[in-house]
């Protein structure tokens with residue numbers, strides 16, 4: 001959706017898709033806008049875990065529980081049950097399912113299982129984004145015209161013009177570009193708290209080969225999962241940046257994270273967005 005600055009400011013229904021790495025300020029922006037007006041907040045990561053990956057998540061947990069004979073007997077006779085209690089603020093079950101590649105003894109996943117889960121996540125993310133028009137309609141039925149699609153950082157990895165076009169037809173795609181300072185913070189966070197991430201298949205295979213060679217390892221199963229995430233994150237950041245730029249140039253607009261962090265109220269955020277449209 002392409003609008004002039006005046007058209008955006010005067011629009012009674014502001015619908016945004018937030019694009020960028022986790023940690024660049026998407027949640028900050030959403031909270032500022034929601035303080036002063038009613039917005040329907042659509043979390044892509046939540047819907048992925050609650051809808052499209054719910055069954056795989058539960059199957060994975062159940063299979064692990066059944067490795068304990070005592071728990072297996074309780075589960076089989078329905079004395080206990082397992083539920084995926086994912087929430088907007090707690091996405092741990094989806095993150096744990098995605099996992100990290102590497103040595104199973106260190107909590108890693110074998111490469112075949114890891115790539116299988118990556119493929120499931122990729123398909124789920126595409127479906128989740130294509131659901132946005134339906135949820136805009138649901139929001140309207142509830143009397144809420146404003147809409148925020150808080151997309152995951154890996155949206156740019158889909159490389160699916162059909163998805164981007166569908167989002168652009170119904171929402172304003174807003175890329176929050178990380179400043180050098182912000183990038184440093186993201187990298188530092190990845191070093192101290194390495195978390196599961198999505199990687200495009202070709203990128204992953206290429207970087208695994210480099211990592212194995214640099215560390216004189218023969219098999220993926222020898223990799224320390226956390227060390228690999230720490231090592232690959234800066235490369236992933238550089239890999240994604242041109243993809244974000246392409247989406248923003250083709251379908252949307254760009255604001256800088258440092259400018260966003262200076263905003264303290266909704267009017268300042270709206271002015272920042274309008275400025276990007278000028």
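Read-outs: derived from the displayed coordinates by stated rules, not from any lab. All figures in this text were calculated on a predicted structure; none of them were measured in a lab. Cβ atoms come from the backbone with ideal geometry, glycine included; neighbour counts cover every protein chain shown.
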- line: Of 127, 22, 81, the most mobile residue in a GNM of the chain (C-alpha springs, cutoff 10 Å) is 81
Three-way shape call for the range 92-168 based on the alpha-carbon gyration tensor, with the a/c threshold at 1.5: prolate
message: With a cut-off of 8 Å between alpha carbons and a minimum separation of six or more residues, what is the relative contact order of the range 15-138 in percent?
response: 25
- prompt: Any idea what angle helix 225-251 forms with the longest principal axis of the chain, computed on alpha-carbon atoms, 0 to 90 degrees, nearest 10?
  reply: 30
- prompt: Going by alpha carbons, how many degrees (0 to 90, nearest 10) lie between the helix axis of 54-65 and the longest principal axis of the chain?
  reply: 30
field: Whole-number percent relative contact order across the chain, with pairs defined as alpha carbons under 8 Å at least 6 apart
entry: 35
- prompt: If one computes the Cα centroid of the range 50-105 and of the range 173-239, what distance in Å separates the two points?
  reply: 25
field: Sites residue 55 and residue 221, calculated FRET efficiency, Cβ-Cβ separation with R0 25 Å, nearest 0.05
entry: 0.35
- request: Please give the contour-minus-distance gain from residue 116 to residue 195: 0.36 nm per residue of separation, less the Cα-Cα distance, rounded to one decimal in nm.
  value: 26.6 nm
- request: Determine how many Å³ per residue the convex hull of the Cα atoms of the chain encloses.
  value: 142
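From the Cα gyration tensor of the range 46-104, with a ≥ b ≥ c the square roots of its eigenvalues, which class applies: rounded if a/c is under 1.5, or else prolate if a/b is larger than b/c, or else oblate?
Here the range 46-104 falls in the oblate category.
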- prompt: What residue among 28, 116, 41 shows peak mean-square fluctuation when the chain is described by a Gaussian network model with Cα springs under 10 Å?
  reply: 116
query: Relative contact order (percent) for the range 77-187, with alpha-carbon contacts under 8 angstrom and 6 or more residues of separation?
result: 15
message: Which one, 89, 227, 180, has the greatest fluctuation when you compute a Gaussian network model over the chain with C-alpha springs under 10 angstrom?
response: 89
message: Can you give me the angle between helix 111-130 and the longest principal axis of the chain, using Cα atoms only, in degrees from 0 to 90, rounded to the nearest 10?
response: 20
